[in-house]
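Data block below; observations after.
Readers should treat all values here as calculations from the given coordinates under stated rules, not as data from a laboratory. On a predicted model such as this, the values are computed, not experimentally measured, just so you know. Cβ sites come from the backbone with ideal geometry, for glycine too, and all protein chains shown count toward neighbours.
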Amino acid sequence: ETGVTQTPRHLVMGMTNKKSLKCEQHLGHNAMYWYKQSAKKPLELMFVYNFKEQTENNSVPSRFSPECPNSSHLFLHLHTLQPEDSALYLCASSQDQGTSNHNEQFFGPGTRLTVL
Amino acid sequence: DQQVKQNSPSLSVQEGRISILNCDYTNSMFDYFLWYKKYPAEGPTFLISISSIKDKNEDGRFTVFLNKSAKHLSLHIVPSQPGDSAVYFCAASAWSQGNLIFGKGTKLSVKP
């Protein structure tokens, strides 16, 4: 595997379900990101991990819970979601967070989430 | 309040002609700008970038122009090809923060 992978690619869940999204990067990067892309909206940054430490939580509701066990893996645990949480969830990685020269982020293909 | 704006949600261009995608920003602290391209069912892929110390960066058919006084950048694709049909996102970051701020994207359709 190369680049940034995400599983599952599609997920349909009920409001009472608990599910997890997984992201894995094979680029040797130290920063990983979760974004949400809703229709007709810009990509919204949700969480940032730099060297496994969470450095950003962009006012995300607690029903979204990230986990970064190591620099290569990032999870997004989902619990008691709402229909308006239906969106494309994108994971990205970069060499590290913070310097302009290293801001090129590499994205995974995303997980298309539908909450019923 | 959107810091990065792409005011054209869509653009249609004939194959072989020039495509010009525009992006405006409001934060004067932004010093690095990127363009990403996104095909359906795929994540965005990096296309080209420009630092605020430059006003032009060229890579093959793709050229990005930066006008700092107007807080405006544009992506020129020439000649346009049907395979260029995708959604193009403009993104910006500031040295002090590091995170990317994205625009809403412009859907480019290149017709044969």
* Virtual paramagnetic centre 7 Å along Cα→Cβ of A:ARG112, amide N under 20 Å, in segment B:79-94 -> B:85-89
* Any number yet on Rg/Rh for chain A, C-alpha, Kirkwood? -> 0.95
* To do: Give me the lysines in straight-line cross-link reach of B:LYS71: C-alpha distance below 18 Å, same-chain residues under 8 apart excluded.
  => B:LYS5, B:LYS54, B:LYS56, B:LYS104
* Structure fact -> The simple spin-label model distance between A:GLU84 and A:THR55, using points 7 Å out along Cα→Cβ, in nm, is 3.1 nm
* **P(r) of segment B:33-92 over all Cα-Cα pairs, binned every 5 Å from zero, in whole percent** => 4, 18, 30, 24, 15, 7, 2, 0
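Which value, in Å to one decimal place, does the Kirkwood hydrodynamic radius take for chain B when every pair of different Cα atoms is included? Write down the numbers at each step before the final one.
Details: mean 1/r = 0.0715 Å⁻¹.
Final number for the Kirkwood radius of chain B is 14.0 Å.
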* What average number of partner chain Cβ atoms lie no more than 10 Å from the Cβ of the residues making up A:105-111? -> 5
* To do: Have a look at the protein assembly as shown and give its Rg and Dmax from the Cα atoms, expressed in angstrom.
  => 17.6, 52
* Structure fact -> Note: A:32-43 gets an average of partner chain Cβ contacts (10 Å, Cβ to Cβ) equal to 4
* Asked: Which stretch or stretches of segment A:28-56 have amide N atoms under 15 Å from the point lying 7 Å from A:LYS22's Cα along the Cα→Cβ direction?
  -> none
* To do: Choose one answer from A:SER72, A:SER59, A:SER38: the residue with the largest mean-square fluctuation in a GNM of chain A with alpha-carbon springs under 10 Å.
  => A:SER59
* Using DSSP to define loop residues, name the trypsin sites (Lys or Arg not before Pro) in segment A:46-116 whose beta-carbon has at most 15 other beta-carbon atoms within 10 Å. => A:LYS52, A:ARG63
* To do: Provide a whole-number value for the mean count of partner chain Cβ atoms within 10 Å of the Cβ atoms in peptide B:7-13.
  => 0
